[in-house]
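Structure first, commentary second.
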Amino acid sequence: MLLPEETTIFTRMSALAQEFNALNLGQGFPDDSPPEFLTETAAEYLRKGPHQYAPMQGLLTLREALADKFYRFYGLRPDPETEITITAGGTQALFTAIAAFIDPGDEAIILEPAYDSYAPAVLNRNGRCVFVPLKSDDFRPNWEAIRDALTQRTRLLIINTPHNPSGAVWAESDYENLENLAQSHPFLVLSDEVYEHIVFDQHRHKPLWSIPGLRERCLSVYSFGKVFHCTGWKIGYTVAGPELTRRFRKAHQYHVFSVNAPLQHALGKVLKNYEWFRALAGHFQNLRDQFLSYLRDSRWEFTPASGTYFQLLGYRRISREDDLRFAEWLTREKKITTIPASFFYHDRRDEKRLRICFAKSPHTLQKAAEILCRI
């Protein structure tokens, strides 16, 4: 099996939402438009160009701006020539990294629940997925289980913080445990950090690439779509040491070659609007708090997300139906669409949870909460 034959759950539930005219809190895209300073700059470059291929590794001006931003927020400046690559979104970056690092028979450890593109990319390379559950109470890594899963064939550990779908954020001890583990095992780390600026309640994100013991063994993935409310633009980037970047680019050049040139110019010009990034966490935390305040006295169970713009809702006190059937019923009968959390597990483990996206307008969240509270 190279790729799953079924349509993804996101496509499936969004189609159902459209069919039944339901509020779509399933697929992870915000109601907010991109900031005007970005769209106006993009329009300028769409009018005047350039309109031909950008360099394979991405525009140098954008990579330099990213290096400056990285230094401003994290205190380290990756080399824009040899350590930053512009990609056609975060998912392409993840797929290309796996293609670059996994050979047939290699093993990749995937911490579940997990974003649904990791495993298909490993299988596409005839690699073997080794699934390790996150802790059930707080969705942080179980380091003893990860250590037990390591073998001589382990090539890659795929991590994600802030975490989709749970909204969990790593603690300092998690970074220390990973660094210690990496000292005794030669695996590489693919770090999905697309929600880096969306962390709440005094939590802080630490890029894996910034940790000295992991710098040469880690490739971190980021997304402009998540931070600028433009998921449809499909532009992201990677940060990694020179050797991993060289290998990544060898695959990248044949997957997409280069990325949208006018939008790269626009992003490079506006990236120094650092206040935009600083405001993201407060914006989404306000939406999270507003939405959860409506559900406080409902029958839904939840632990507030510490990051991302996703929230898991447990429904054990409402129904014993499996989560796919329950999510479909909510869409058809209650006109509200969610994502059944079992689809973030390879074995469809059903813990009676649904994932919702709260990156919506206050009006939409209030309307959705009113529906949920009546159940």
From the set of residues in the range 213-231 that are within 14 Å of Val259 (Cβ to Cβ) and small (Gly, Ala, Ser), which is surrounded by the most Cβ atoms within 10 Å (Cβ to Cβ)?
Ser223
Can you tell me which residue in the range 328-373 is farthest from Ser136 (Cα to Cα), limited to those that are among the small types (Gly, Ala, Ser) and under 22 Å from the mean Cα position of the chain (by Cα)?
Ser361
Could you check the range 187-210 and list, in sequence order, the residues that are without any contact (Cβ under 8 Å) to a residue 24 or more places away in the chain and more than 10 Å from Pro162 (Cα to Cα)?
Gln202
Could you list, in sequence order, the residues of the range 19-29 that are polar (S, T, N, Q) and in contact with a Ser or Thr (Cβ under 9 Å, 6 or more places away or on another chain)?
Asn24, Gln27
Go through (1) in contact (Cβ under 8 Å) with a residue 24 or more places away in the chain; (2) not assigned by TED's automatic domain parsing to the domain that holds Val194 for Ser293 and report which single condition fails.
(1)
Out of (1) buried (at least 19 other Cβ atoms within 10 Å of the Cβ); (2) over 16 Å from Lys352 (Cβ atoms); (3) of a type outside the set (Gly, Ala, Ser); (4) touching a residue at least 24 places away in the same chain (Cβ under 8 Å), the odd one out for Phe277 is which?
(1)
Being among the small types (Gly, Ala, Ser) and not in a strand (DSSP E or B) is the filter here; which residues of the range 203-223 pass it?
Ser210, Gly213
Check every one of the strands (runs of 3 or more DSSP E) wholly within the range 81-195 and list those with 3 or more residues that are in contact with an Asp or Glu (Cβ under 9 Å, 6 or more places away or on another chain).
128-133, 154-160
When Arg77 is run through (1) touching a residue at least 60 places away in the same chain (Cβ under 8 Å); (2) in a loop (DSSP other than H, G, I, E, B), the failure sits at (1)
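Residue-by-condition table, conditions (1) farther than 29 Å from Lys367 by Cα; (2) touching a His at 6+ places or on another chain (Cβ under 7 Å); (3) surrounded by 13 or more Cβ atoms within 10 Å (Cβ to Cβ):
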residue: Gln18; (1), (2), (3): no, no, no
residue: Gly28; (1), (2), (3): no, no, yes
residue: Ser33; (1), (2), (3): no, yes, no
residue: Glu36; (1), (2), (3): no, no, no
residue: Pro50; (1), (2), (3): yes, no, no
residue: Tyr53; (1), (2), (3): yes, no, no
residue: Gln57; (1), (2), (3): yes, no, yes
residue: Leu60; (1), (2), (3): yes, no, yes
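Residue-by-condition table, conditions (1) without any contact (Cβ under 8 Å) to a residue 40 or more places away in the chain; (2) in the same structural domain as Arg353 (by TED's automatic domain parsing); (3) of a type outside the set (Gly, Ala, Ser):
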site: Trp300; (1), (2), (3): no, yes, yes
site: Ser306; (1), (2), (3): no, yes, no
site: Phe310; (1), (2), (3): no, yes, yes
site: Arg317; (1), (2), (3): yes, yes, yes
site: Arg325; (1), (2), (3): yes, yes, yes
site: Glu328; (1), (2), (3): no, yes, yes
site: Glu333; (1), (2), (3): yes, yes, yes
site: Ile336; (1), (2), (3): no, yes, yes
site: Ile339; (1), (2), (3): no, yes, yes
Under 8 Å between Cβ atoms, which residue pairs at least 6 apart in sequence (or on different chains) link something in the range 92-111 that is among the polar types (S, T, N, Q) with a partner that is in a strand (DSSP E or B)?
Gln92/Gly236; Thr96/Thr87
Across the range 129-182, what is the number of residues that are over 25 Å from Arg355 (Cβ atoms) and basic (Lys, Arg)?
3
In the range 314-336, what residues are surrounded by 13 or more Cβ atoms within 10 Å (Cβ to Cβ) and outside any helix (DSSP H, G or I)?
Gly314, Tyr315, Ile318, Ser319, Glu321, Asp322, Lys335, Ile336
Search the range 357-371 for residues that are in the same structural domain as Ala305 (by TED's automatic domain parsing) and modelled with pLDDT of 95 or more and pair each with any residue that is of a type in the set (D, E, K, R) and surrounded by 23 or more Cβ atoms within 10 Å (Cβ to Cβ) when their beta-carbon atoms are under 8 Å apart and the residues are at least 6 apart or on different chains.
Phe358/Arg288
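The values are calculated or read from the model by the stated rules, or taken from the named source; none is laboratory data. What you see is a predicted model; the values in this text were computed from it and never measured. Note that each Cβ is placed from the backbone with ideal geometry, even for glycine, and that neighbours are counted across all protein chains shown.
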